[in-house]
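Visitor: Mind having a look at this structure? Questions to follow.
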């Protein structure tokens, strides 16, 4: 009888230990689920912030390139105007020389196109 009650007590102890372990495991799993949700939200927030930063940097670079292009275009226009003024002045100063140069260029172009 003592042996049977010892076996029953041991079985009850095991059942309680298994039940406690299962409850502990479920509690830990629930905590892990909560941690995963928090981690997912943190990663999502971090990704959104980084995406915004990359977008802002790209927009800044585009604006800088646009400004550089406009500056280069303005410089080219100014150089072209100066070249045009210089050419007009040279033609007005030496009209015969300008005609001779134009005739020479035309002659060379004709020779090159003829071949």
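Visitor: Given axes a ≥ b ≥ c from the Cα gyration tensor, I'd like to know whether the range 47-115 is rounded (a/c under 1.5), prolate (a/b larger than b/c) or oblate.
Guide: Values: a/c = 13.81, a/b = 2.72, b/c = 5.08.
Here the range 47-115 falls in the oblate category.
Visitor: Moving to a separate point now. Full extension from residue 46 to residue 112: what is 0.36 nm times the residue separation minus their Cα-Cα distance, to one decimal in nm? Provide the component values of the computation, followed by the final result.
Guide: On the way: separation 66, 0.36 × 66 = 23.76 nm, distance 6.55 nm.
Gain on extension, residue 46 to residue 112, equals 17.2 nm.
Visitor: Let me ask something else. Between residue 22 and residue 61, how many nm apart are label points set 7 Å from Cα along the C-beta direction?
Guide: If labels sit at residue 22 and residue 61, their model points lie 5.9 nm apart.
Visitor: Next question, about the same structure. Working out 0.36 nm times the residue gap between residue 35 and residue 102, then minus their Cα-Cα distance, what length gain in nm do you get to one decimal?
Guide: Details: separation 67, 0.36 × 67 = 24.12 nm, distance 8.32 nm.
Here the segment from residue 35 to residue 102 would lengthen by 15.8 nm.
Throughout, read-outs are computed from the coordinates displayed, never taken from laboratory work. All values derive from a computational prediction rather than experimental measurement. With ideal geometry, Cβ positions are generated from the backbone for all residues, glycine too; neighbour counts draw on all protein chains shown.
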